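Written below as structure tokens is the structure these notes are about.
The values are calculated or read from the model by the stated rules, or taken from the named source; none is laboratory data. No experiment lies behind these values; they were computed from the predicted model shown. FYI the Cβ positions are ideal-geometry reconstructions off the backbone, even for glycines, and counts take in every protein chain you see.
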Amino acid sequence: MTYKIAVFPGDGIGPEIVREATKVLGCLTSISGIRLELESELIGGAAYEQCGEPLPASSLDLARSADAILLGAVGGPQWESLDYALRPERGLLGLRAELDLFSNLRPAVMHSQLVGASTLKPEVVEGLDILIVRELTGGIYFGRPRGIRVLENGEREGFNTLVYRESQIRRIAHSAFRIAMKRNRRVCSVDKANVLECTELWREVMTSTAREYPEIALSHMYVDNAAMQLVRAPKQFDVIVTTNMFGDILSDCAAMLTGSIGMLPSASLDASAKGMYEPIHGSAPDIAGRERANPLATILSAAMLLRYTLGENEAANLIERAVRDALDSGVRTPDIHSPGMLEVGTAQMGDAVVKAMRKIADSP
Ligand code: IPM
Ligand code: MG
């Protein structure tokens, strides 16, 4: 059995970090016998430059035909003035929508070696292991009508629409509850039900769907409070389930608890667990091409790909253990560097993970 993986390096640091993740997958093939066929295509700004659009048909075709997708990052300042439909971000949002990748899993796990790299006190973040389940193909990101219009008095008005159907809420609820059953069975649904009708319905559907999961303890929290609780006492959470935009914001916040946004992977799944895997950080144009990017979020995304879409749990465990061993050996990219550690570049970090994988494979 050969799995076909679509690879989209994208923009900025995307190509550098994806290069390291494919290095790790290459090593996996050589030591495990899992056969992966990687095929790359353009997306985002890189695709716009070559083809005039951020998600060319060839890229979408490849994504559709692959078993799973690995993506780096999209976007950059040179494309910010483009028409909305041509922006790099549309490439990413287009993939999410076209493939119906509605369930976005964003784990925030504190690696014990990096406790010192967090801006929060060690006792607040030590042992942190939370999972944000973000609805990814609905809400204000996709709601219509949207746009900028000119009013009668000549003033311009921007508008977007926050909209969720019951069925959209129900399916992300099931997603969150099922995953929580494999964890600590606590789900906190985050909304703004005190102000927004749309999330009043969200709360209602979450509550009624939870009746099918009697072992799940469901709680509700307003998003402003959730943001505060995440930095005050993040360990109170197990699984957080929330809307597209709240999830976007809260997952950056959760990422920083773990020391660096450069550490966090993500999975975006459809109803049959086919998925796209990407680091939660962006294209970081300011450090692109300078070998300063942390490839671990992308490498850990590749591990999630093996686990969630291919069902290759042992291979996923191997990569995750190799990442821990690499950190134990003291290597650190600049974003997670602390005194006494060895600062390394992007490729050296990838090499350290590969070396750790080989060592694990060679040990009896
Ligand atoms: C993310 C990113 C994207 C989002 C951008 C790049 C469109 O911030 O995946 O969190 O807002 O969803
Ligand atoms: Mg984001």
*Does residue 253 satisfy the condition of being surrounded by fewer than 18 Cβ atoms within 10 Å (Cβ to Cβ), assigned by TED's automatic domain parsing to the domain that holds residue 127 and within 26 Å of residue 115 (Cβ to Cβ)?*
yes
*Do the conditions hold for residue 228, that is, is it in contact with a Cys (Cβ under 6 Å, 6 or more places away or on another chain) and under 24 Å from residue 128 (Cα atoms)?*
no
*When you go through (1) assigned by TED's automatic domain parsing to the domain that holds residue 230; (2) surrounded by fewer than 15 Cβ atoms within 10 Å (Cβ to Cβ) one by one for residue 179, which number turns out not to apply?*
(2)
*Within region 244-282, work out how many residues are within 13 Å of the chain's Cα centre (by Cα) and of a type in the set (Gly, Ala, Ser).*
10
*Residues of region 48-57 being without any contact (Cβ under 8 Å) to a residue 40 or more places away in the chain and either in contact with an Asp or Glu (Cβ under 7 Å, 6 or more places away or on another chain) or not in a helix (DSSP H, G or I) (or both), which ones?*
52, 53, 56
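Inspect region 280-302 for any residue being among the acidic types (Asp, Glu) and in the same structural domain as residue 355 (by TED's automatic domain parsing) and give the result as yes or no.
Let us first name the residues in region 280-302 that are among the acidic types (Asp, Glu), namely 286, 291.
Restricting the remaining residues to those that are in the same structural domain as residue 355 (by TED's automatic domain parsing) gives 286, 291.
Checked against the condition, which is being among the acidic types (Asp, Glu) and in the same structural domain as residue 355 (by TED's automatic domain parsing), region 280-302 yields at least one hit.
Which residue, of 296, 269, 250, is touching a strand residue (DSSP E or B) at 6+ places or on another chain (Cβ under 9 Å), at pLDDT 95 or above, more than 16 Å from ligand 1 (Cβ to nearest atom) and closer than 29 Å to residue 311 by Cα?
On the way: 269 fails: more than 16 Å from ligand 1 (Cβ to nearest atom); 250 fails: more than 16 Å from ligand 1 (Cβ to nearest atom).
Testing whether each residue is touching a strand residue (DSSP E or B) at 6+ places or on another chain (Cβ under 9 Å), at pLDDT 95 or above, more than 16 Å from ligand 1 (Cβ to nearest atom) and closer than 29 Å to residue 311 by Cα leaves just 296.
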*Go over the candidates 71, 60 one by one and state the one that is in contact with a Gly (Cβ under 8 Å, 6 or more places away or on another chain), in contact (Cβ under 8 Å) with a residue 40 or more places away in the chain and not in a loop (DSSP other than H, G, I, E, B).*
71
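Within region 71-96, track down each residue that is of a type in the set (A, V, I, L, M, F, W, C) and away from ligand 2 (no atom under 16 Å from the Cβ). Let's see the steps before the verdict.
First, pick out the residues of region 71-96 that are of a type in the set (A, V, I, L, M, F, W, C): 71, 73-74, 79, 82, 85-86, 92-93, 95.
Of everything in region 71-96, those that are of a type in the set (A, V, I, L, M, F, W, C) and away from ligand 2 (no atom under 16 Å from the Cβ) turn out to be 79, 82, 85, 86.
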_Residue list for region 90-142, filter: in a loop (DSSP other than H, G, I, E, B), buried (at least 20 other Cβ atoms within 10 Å of the Cβ) and of a type in the set (Lys, Arg)_ = none
*For region 90-97, indicate whether the set of residues that are closer than 30 Å to residue 337 by Cβ and either touching a residue at least 40 places away in the same chain (Cβ under 8 Å) or of a type in the set (A, V, I, L, M) (or both) is non-empty.*
yes
_Here is a check on your reading of the model: is residue 279 surrounded by 21 or more Cβ atoms within 10 Å (Cβ to Cβ), in contact (Cβ under 8 Å) with a residue 24 or more places away in the chain and within 13 Å of ligand 1 (Cβ to nearest atom)?_
yes
*Taking region 71-125, which residues are of a type in the set (Lys, Arg) and under 16 Å from the mean Cα position of the chain (by Cα)?*
96, 106
_Flag for residue 233 being crowded, with 24+ Cβ neighbours inside 10 Å, touching a residue at least 24 places away in the same chain (Cβ under 8 Å) and closer than 30 Å to residue 192 by Cβ_ = no
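Report yes if some residue within region 43-61 is of a type in the set (Ser, Thr, Tyr), assigned by TED's automatic domain parsing to the domain that holds residue 353 and within 17 Å of residue 87 (Cα to Cα); otherwise report no.
Going residue by residue through region 43-61, those that are of a type in the set (Ser, Thr, Tyr) are 48, 58-59.
When the remaining residues are screened for being assigned by TED's automatic domain parsing to the domain that holds residue 353, the result is 48, 58-59.
Now drop any that are not within 17 Å of residue 87 (Cα to Cα), which leaves 48, 59.
Looking through region 43-61, at least one residue is of a type in the set (Ser, Thr, Tyr), assigned by TED's automatic domain parsing to the domain that holds residue 353 and within 17 Å of residue 87 (Cα to Cα).
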